[in-house]
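Nothing in this text is a laboratory measurement; each read-out follows from the coordinates by a stated rule. Computed from a prediction, not measured in an experiment: that's the story for all the values here. Backbone-built Cβ (ideal geometry, glycine too); neighbour counts: all protein chains shown.
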Amino acid sequence: MQIDTVLVKVASRCNINCSYCYVYNMGDDGWRDMPTLISRDTASALARALGQLSTDQAKPFATVLHGGEPLMLGERRLEFILKSLRSVLPQSHVLCMQTNGMLLTNNILDLCASYGMSISISLDGPKKINDRFRIDKKGEGTHDKVISGIKKLRDHKASEFLYSGLLSVIDPTSDPIENYNYFKSLEAPSVDFLYRDGNHSNLPFGKNSIDSTEYANWLCRLLDAYLKDKSPPKIRFLDDIIKLRLGGRGIKEGLGQSDYGIVIIETDGSIAKNDTLKSTFDGADKFEHRWSIHKDRLLDVLRTDEFKVYHELQRATSKTCLDCEFFKICGGGMPLHRWKDTTGYDNPSVYCVDQKELIKYIEFYLKKERLIN
Ligand code: SF4
């Protein structure tokens, strides 16, 4: 088992309050026990731990600064972390930040450029779509401030490196074509679309029943626009399904059958599971054993039985999935989407019917192009 991504919670709080957020608004209050920001002491321990991991495993991994909102760190603390990380990790090591972009300044962009950290911005679409759920603590929409951050990012002299793309949570009641055209107008090099959090006991927003296909309908229309476009942004989710159907590999968890090694470091240095699991039940992202980068070597943690059980959670176990004709492509979806209060993770994805419809629609295009029979 090797690590692909280390996701570091550098801030446990956020400057906004998206109503769908799995960290703050889906019943898990673990963030209350964490320091608001990563301390210098923990940042130094982080650098030591990642430096050690980069020599312990041959496979390169990526480091993602995450939150809460990572830019709540402020300039000086961000510089300390970046300097500490780059003192042990080569410039070729992928370092990126997932942010709402509202606190971006030109000084911060200069820092990110000089330490080689790219930036992905969370935005769900044009104002009326984004501001439905991505709101601040007073309930006001955040779109205009995000766009101002994106403008600074696009105007920076190193924007080609810095602007890695947009992350967008799907609103199946919105118009996918309007979203697509809007993201194109922002010259996003890539757009990573995500399913909404939800599971069999708590259906995702916009999904009327387990058998309804609102998300597939939305994604199929998006696919039409994507395939018609001569110069599209990269859409990882669609690209991965196409690649998998043609016999290749995906690049991210939630599709296909590759295993991905993901570990979370909290602001106090504790080591946790993928934090998207928070949306299933309170404490789902916590290991029983309280490991920490202050005292434990990451490689030793990866070798434990408890970590192995967590790692294997990404492999679907449901007989329905194992017997499914689309299993190699779909993989059973993300563990959080498989959850049911009575049967745990041993279920197909709550998006099973959507996945089947989307894969069939992609197959229709691939057949038309004579890429498959
Ligand atoms: S979630 Fe549904 S489509 Fe995906 S592998 Fe399982 S049964 Fe097949």
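Values for this structure:
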read-out	value
Listed pairs LYS184/LYS356; LYS137/LYS157; LYS230/LYS360 exceeding 25 Å between Cα atoms	LYS184/LYS356; LYS137/LYS157
Percentage, to the nearest whole number, of Cα pairs in segment 319-368 over 16 Å apart	41
Within straight-line cross-link reach of LYS286, lysines at Cα separation under 26 Å, skipping those fewer than 8 residues along the same chain	LYS9, LYS59, LYS252, LYS273, LYS278, LYS295, LYS308, LYS340
The chain - Cys residues lacking any other Cys C-beta under 4.7 Å	CYS14, CYS96, CYS112, CYS220, CYS321, CYS324, CYS330, CYS352
Sparse-neighbour loop sites [trypsin sites (Lys or Arg not before Pro); segment 43-144; at most 16 other C-beta within 10 Å; DSSP]	LYS137, LYS138
The chain: calculated mean residue ellipticity at 222 nm from DSSP helix runs of at least 4, using -39500 (n - 2.57)	-11000 deg cm²/dmol
Within the chain, percent of DSSP bridges classed antiparallel, to nearest 5	25
Qualifying GluC sites (Glu not before Pro) in segment 144-207, DSSP loop, other Cβ atoms within 10 Å at most 13	GLU187
Straight-distance crosslink candidates among aspartates and glutamates, where the alpha carbon sits under 15 Å from LYS145 and sequence neighbours closer than 8 are dropped	GLU69, ASP124, ASP131, ASP136
Separation of the LYS308 and LEU227 label points, Cα + 7 Å toward Cβ, nm	4.3
Given charges at beta-carbon only (K, R positive; D, E negative), |dipole| of segment 5-312 in Debye	740
For GLU363, GLU312, order by how many other beta-carbon atoms lie within 10 Å, fewest first	GLU312, GLU363
Cα Rg, Dmax, the chain, angstrom units	20.1, 58
Computed magnitude of the charge dipole of segment 102-198 (debye, nearest 20; Cβ of K, R +1, Cβ of D, E -1)	220
